[in-house]
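> Submitted below is the structure of interest, expressed as structure tokens.
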Amino acid sequence: MNNAFIIGQYVPGESIVHRLDPRTKMIIIFLFVIVVFFANSVWSYGLLTVFSLLCALTTRIHFSYILKGLTPVWFLIVFTLLLHLIVTKEGDVLFRVFSYPIYSGAVAQGAAISLRFFLLIMVTSLLTLTTTPIEITDAIESLLQPLKKVKFPVHELALMMSISLRFIPTLMQETEKISKAQASRGVDFRTGTAKERIQAVVPLLVPLFISAFKRAEELAMAMEARGYQGGEGRTKLRELKTGRLDISVYALFAVVVILLFIIRD
Amino acid sequence: MLKKLGLVALIEASFFAALAFVFDLLPSIRLSPSISISFAMVPVLLLAFRRGFVVSALAGLIWGLLQVALGDAARSFLTPLQGFIEYFVAFAFVGFAGLFYQPVQTAFRKGRKRTALCLVTAAVFVGSIARYFWHFIAGFIFWGEYAPEGMNPVLFSFIANGVTALGAAVLCSIVTVLVVSSAPSLIKPKVTAATVTPPRKAS
């Protein structure tokens, strides 16, 4: 549980990617995950791979650290590749493994799909590696502003996100504190039958829920006492600004997209 | 929304979304790389019986957004639409358990504890199925593309998500029933100054 106190994936830094407006990062990643599906040749995949690696290197986060963060999906990437090699029977026989034929179409299809998967996961990871959760919340609030016209509660959602993010470490500490207190009374969470382990969770959950309700009430009281009335007319501590750097990054991405459409089959 | 639901309800939804996120970090029962069962839904389900559909759906939505903001979702984000379905829609749909809010409250008020607990169990199954229905849809539409020819993505998605949904529903219903039966006051919202809707300003 102790390791879990470091929540999220954010790695502090001063790189260009770190300094970008979080909205710019989110918009470019949104467009990238659409654009990646238009790649259909070696050159187009090559271009997107170079762009993604360039983005990863610009973050100044050690590349092995970024790859380590992808550990849970390596299995899926390799599994996809292997399945294609075994099942797909298109094109010529390239070589044989223990007399089992491997077709050129299987290699091409398997490699393309695995690479696309890898690029998608790596680029989306870069957002959370270089942006604090609170910046992501601000960006979501800003990007969803147009929905206010259809009475979508954008401000309330952002407020709720901020409160959740602020209290995750507190609730984690509380969970650990209560589990230790219950363990000192003889509750065993790790051993016993399934029934005993489920029953052992209840003395942990009930005080945790009671405490969360109490905290929620106290926070609401404190906010009301300070005159909180919702989103109308509120000013912000952190203002998001789109600068020259963001415009340059949009321009670079536009060039990559145009090149992709020129070189794709 | 603030005036309609009250500030306490919104903050409770934020806290319980955070709790769901914390419970998700605790060890879960892992049956295979794509099937794992945990009781992380319990906070959102409990809120469904305390505050009803809208507040619990909001808590579910915030739980999904937390996974996006904290990077947990980045490992399974394929397209914007898939991300939207799996992290915004699916988690918010856990709130469907809140459709049982009135019957559960009435049963507890009238002292019919057994009926109330049966309703709680039914509501947990409805919430779980509502959530995993969207994971199933996303499973065969978006993840199916990564399956080689010859494999049926619909069947695979149905089995993977069906087993997870069933396992999560069984585990969460047991835990929720135990929690609600040992502390029924948890699902009774307290009326305090902060829960009362502030009077509208005279224009």
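The values are calculated or read from the model by the stated rules, or taken from the named source; none is laboratory data. Source: prediction; values computed, not measured. Note that each Cβ is placed from the backbone with ideal geometry, even for glycine, and that neighbours are counted across all protein chains shown. Surface areas here come from the heavy atoms of the whole protein model, side chains and all, with no ligands, DNA or RNA. Shrake-Rupley method; radii C 1.70, N 1.55, O 1.52, S 1.80 Å.
> Take A:Ser211 and tell me if it is farther than 30 Å from A:Lys25 by Cβ, within 13 Å of chain B (Cβ to nearest Cβ) and of a type in the set (S, T, N, Q).
Yes.
> While we're on this one: Of the conditions (1) of a type in the set (Asp, Glu); (2) free of Cβ contacts under 8 Å to residues at least 12 places away in the same chain; (3) buried (at least 19 other Cβ atoms within 10 Å of the Cβ), A:Asp138 satisfies every one except a single condition; which number is it?
With respect to (1) of a type in the set (Asp, Glu); (2) free of Cβ contacts under 8 Å to residues at least 12 places away in the same chain; (3) buried (at least 19 other Cβ atoms within 10 Å of the Cβ), A:Asp138 is out only on (2).
> Right, here's the next one. For region A:78-119, what are the residues that are of a type in the set (Lys, Arg) and modelled with pLDDT under 85?
Filtering region A:78-119 for residues of a type in the set (Lys, Arg) gives A:89, A:96, A:116.
Once the filter is applied, which keeps residues that are of a type in the set (Lys, Arg) and modelled with pLDDT under 85, region A:78-119 yields A:Lys89, A:Arg96.
> Right, here's the next one. I need the full set of residues from region A:103-142 which are outside any helix (DSSP H, G or I) and more than 10 Å from chain B (Cβ to nearest Cβ), in order please. Walk me through it before giving the result.
At the first step, the residues of region A:103-142 found to be outside any helix (DSSP H, G or I) are A:103, A:131-132.
The answer is A:Tyr103, and nothing else.
> Looking at B:Ala130, B:Ala122, which is the one that is of a type in the set (Gly, Ala, Ser), away from chain A (no Cβ under 14 Å), in a helix (DSSP H, G or I) and surrounded by 19 or more Cβ atoms within 10 Å (Cβ to Cβ)? Don't jump to the end; show me each part of the working.
Numbers: B:Ala122 fails: surrounded by 19 or more Cβ atoms within 10 Å (Cβ to Cβ).
Unique residue meeting the criteria: B:Ala130.
> Mind checking which residues of region A:39-93 are part of a helix (DSSP H, G or I), more than 26 Å from A:Leu127 (Cα to Cα) and open to solvent by less than 50 Å² (accessible area, probe 1.4 Å)?
Scanning region A:39-93 gives A:Leu83, A:His84, A:Leu85.
> Scan region A:70-87 residue by residue and report those that are closer than 13 Å to A:Gln9 by Cβ and more than 8 Å from every other protein chain (Cβ to nearest Cβ). Steps first, please.
First pass over region A:70-87, keeping only residues closer than 13 Å to A:Gln9 by Cβ: A:70-72.
Listed by number, the list holds a single entry, A:Thr71.
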